[in-house]
Amino acid sequence: MSTTTTTKRPPAPDSRTPSKAAQLLGDRRLPVLVTAGLFLAMYVAGLSRYQNYGFGEPQVFMNLFIDNGYLLVAAVGVTFVILSGGIDLSVGSVIGFTTMFTAWLVERQGLPILIVIPMALAVGAFGGFLMGYVIHNFEIQPFIVTLAGLFLFRGLCLVISKESISIGDASVSSMAQAQVNLGMGFLSIGAIVALVVLAVAFYVLHYTRFGRRVYAVGGNEQSAMLMGLPQGGTKIAVYTISGFCSALAGLLFTLYIQSGDPLHATGMELDAIAAVVIGGTLLTGGSGYVIGTLFGVLVLGLIKSIIQFEGTLSSWWTKIATGVLLCAFILIQRAMTARKKT
């Protein structure tokens, strides 16, 4: 009796199975991981080059939060807007207006800073609400509406005063100089507020129904509408949040600089948008993490610190490095979106 043996052939590879490179490009966490890796590489390079100049001191790392707390708060607000598929160009003007509004009320009108703070936040939130309302109800592009907001708030700065207003109030000075000791270093009140705002935004975007609506509207507005999601209310809400965060950033910037000036924060909306994009949030909306925005702000802050430690480079190299990084991350976004379409 003869037996025949059959050898099983391995199954042919499925051409539809994505390669490892394609799977990597399809991972939504890739931009955040790239930004975090970039920050780590830059920090290690700074340690190796400027170790004898105190770059490795813990306080140098803490200063990244102290010197960029206001930018982090503004970028968090912009993250909400970009995730929803919009854009906000009024951020820098709202920050500048808040500095002028605060300085004018405190120095010229004699109001206590604790009364001025909620007034400034209310004005910023109301301005964001109006822009969101116009964008939704009149179906005008966010670029146009927020550009109008940019000119409006910058013009209001000049209505208040054409000159800089220094703040000599003792309560403002005490708040600006207050420090929270963490053992290995200290943080300012502005840095603590920025980290609290970041934590609240992280919770809202990833653990609440409103956060899921923001991602849904930004991912596909038509699908969100068919699912019955309140896209109008979501749009208005994200611009209100951005206006509130811009006003809060203006208050933190006022504490940082202790003055109001019509030209304060000119172009800071571009820095905030750059930090969000470098942090991995897609400009088309629907994908991104607020923790990536943190790393984007830290990368921009670290570039400034390295240039300062170098001592021989112009401050314009900050803009050059930001432009190069922005182009690189836009190319990464392009590769990711192209992968999703295939």
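The values are calculated or read from the model by the stated rules, or taken from the named source; none is laboratory data. What you see is a predicted model, and the numbers here were worked out from it, not measured in a lab. Here the Cβ positions follow ideal geometry from the backbone for every residue, glycine too, while neighbour counts run over all protein chains shown. Calculation scope for accessible area: heavy atoms of the full protein, side chains included, ligands and nucleic acids excluded. Shrake-Rupley method; radii C 1.70, N 1.55, O 1.52, S 1.80 Å.
So the values come out like this:
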{"item": "Some residue of the stretch 302-318 being closer than 14 Å to T35 by Cβ and in a helix (DSSP H, G or I)", "result": "yes"}
{"item": "Qualifying residues in the stretch 166-203 (those that are open to solvent by less than 70 Å² (accessible area, probe 1.4 Å) and among the β-branched types (V, I, T)) - the one farthest from T102 (Cα to Cα)", "result": "V180"}
{"item": "Condition check for L114: closer than 26 Å to S173 by Cα and open to solvent by 80 Å² or more (accessible area, probe 1.4 Å)", "result": "yes"}
{"item": "Filtered residues of the stretch 250-291 (kept if closer than 21 Å to I192 by Cα, within 11 Å of the chain's Cα centre (by Cα), among the small types (G, A, S) and assigned to a helix (DSSP H, G or I))", "result": "A272, A275"}
{"item": "Odd one out for H136 among (1) in contact with a Lys or Arg (Cβ under 8 Å, 6 or more places away or on another chain); (2) open to solvent by less than 30 Å² (accessible area, probe 1.4 Å)", "result": "(2)"}
{"item": "Qualifying helices (runs of 4 or more DSSP H) (wholly inside the stretch 128-213; at least 3 residues being over 20 Å from V290 (Cα atoms) and without any contact (Cβ under 8 Å) to a residue 24 or more places away in the chain)", "result": "142-160, 170-177"}
{"item": "Test result for V324, in a helix (DSSP H, G or I) and surrounded by 22 or more Cβ atoms within 10 Å (Cβ to Cβ)", "result": "no"}
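Matching residues to (1) touching a Phe, Trp or Tyr at 6+ places or on another chain (Cβ under 7 Å); (2) assigned to a loop (DSSP other than H, G, I, E, B); (3) open to solvent by less than 30 Å² (accessible area, probe 1.4 Å):
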residue: A45; (1), (2), (3): no, no, no
residue: G56; (1), (2), (3): no, yes, no
residue: A74; (1), (2), (3): no, no, yes
residue: T79; (1), (2), (3): no, no, yes
residue: F97; (1), (2), (3): yes, no, yes
